[in-house]
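Have a look at the structure below before the remarks.
None of the figures in this text is laboratory data; all of them are computed from the coordinates on show. For clarity, every value in this text was computed on a predicted model and none was experimentally measured. Cβ placement follows ideal geometry from the backbone for every residue including glycine, while neighbour counts extend to all protein chains displayed.
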Amino acid sequence: MNQTIETLLNHRSIRKFKDEKLTDEQLDTILKAAQQASTSSYMMAYSIIGVTDEEKKTQLAEISGQDYVKNNGHLLVFCADLYRHTLHATSAEYEQMLSNLENSEHFLVSAIDAALASQNAAIAAEAMGLGICYIGSLRNQLDKVDEILDLPKHVLPLFGMVIGVPDHEPDLKPRLPKQAVYFENGYNRDHKQELTDFDKEIAAYYEARQTNNRSDSWTDQMRRRFTKPMRMDVTGIVKKKGFNKQ
């Protein structure tokens with residue numbers, strides 16, 4: 001097995017970092033790797049905001065509810081970005097562009113472009129011996145994050161990523177079995193047993209892991225998550241920023 005595959009298969013979220021900032025060389029390498037990700041129709045419809053201002057990091061940590069959003073080697077915020085695509089347009093051209101800028105297709109394109117770039121960044125960081133954790137909890141107050149980062153219309157913060165030198169080594173968390181995520185030539189609606197089996201595996205993991213032991217299963221987690229309304233304001237904020245309006 002080569003080193004790249006080993007890096008991928010040993011991914012784990014790091015939530016505790018040593019008090020060491022990323023070097024300029026490390027950050028440049030991570031960003032170059034991110035920019036080499038695949039992109040739809042060469043649009044590169046994303047931006048990456050590096051947050052180094054301590055006050056802003058504190059505000060974002062409060063929104064997230066996670067102290068490692070402040071205490072890390074570097075904080076990145078990945079944004080869907082269709083703003084730059086309008087900069088050379090005339091007023092008349094901009095009006096013609098709006099139906100594309102605001103449709104679901106280009107919202108998906110920009111979100112996917114950002115996700116692809118972020119995963120390249122994650123793999124690059126881990127290949128360098130660093131740790132990362134995605135921060136979806138910035139969407140707890142998406143409008144506030146937008147304000148803190150002073151983002152223009154057609155730029156939407158999607159998620160963050162903290163990067164740094166790991167200060168703990170969490171257990172490797174199990175993933176769903178292949179039979180529950182990979183189907184040939186069509187969707188297999190009958191994979192309930194695979195989920196039942198996975199529940200036993202993840203329950204054993206939660207009971208045995210080094211920290212935050214608990215009694216839980218994957219299907220219980222998902223039922224709890226989807227029966228409780230969550231971030232119901234996101235739709236309105238997305239549309240206000242000029243995305244997914246039609």
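Among Arg139, Arg189, Arg224, determine the one that fluctuates most according to a GNM of the chain built with springs between C-alpha atoms less than 10 Å apart. Maximum among the listed residues: Arg189. Of Phe107, Phe183, Phe198, the residue with the greatest mean-square motion in the GNM of the chain, using alpha carbon springs below 10 Å, is Phe183. Within the shell defined by Cβ-Cβ distances under 15 Å, the residues around Ile163 carry a net charge of +1, with Lys and Arg each +1 and Asp and Glu each -1. Can you tell me how the range 56-186 classifies by the Cα gyration tensor, rounded, prolate or oblate, using a/c under 1.5 as the rounded cut? Taking the square roots of the gyration eigenvalues as a ≥ b ≥ c, the range 56-186 is oblate. Taking a ≥ b ≥ c as the square roots of the eigenvalues of the Cα gyration tensor, an a/c ratio of 1.5 or more together with a/b no larger than b/c marks the range 20-68 as oblate. In terms of other Cβ atoms within 10 Å, Tyr42, Tyr134, Tyr83, Tyr182 run from fewest to most in the order Tyr42, Tyr182, Tyr134, Tyr83. Among Ala117, Ala203, Ala61, the largest mean-square fluctuation in a Gaussian network model of the chain (Cα springs under 10 Å) belongs to Ala203.
Entry note, the chain: relative contact order of 27 percent, from Cα contacts under 8 Å with a spacing of 6+ residues.
Compute the Cα gyration tensor for the range 137-226, then decide on rounded, prolate or oblate, letting a ≥ b ≥ c be the square roots of its eigenvalues: rounded whenever a/c is under 1.5, prolate when a/b is larger than b/c in the other cases, and oblate in all that remain. Oblate shape, in that a/c is at least 1.5 and b/c is the bigger or equal ratio.
Extension gain for Tyr182 to Ser13 (0.36 nm times residue separation, less C-alpha to C-alpha distance): 58.5 nm. With an 8 Å cut-off on Cα pairs and a minimum separation of 6 or more residues, tell me the relative contact order of the range 129-246 in percent. After rounding, I find 27 percent. Out of these labelled values of mean projected area of the Cα convex hull in nm², (i) 16.1; (ii) 16.7; (iii) 14.7, which was calculated from the coordinates shown here? Comparing each candidate, only (i) matches the computed number.
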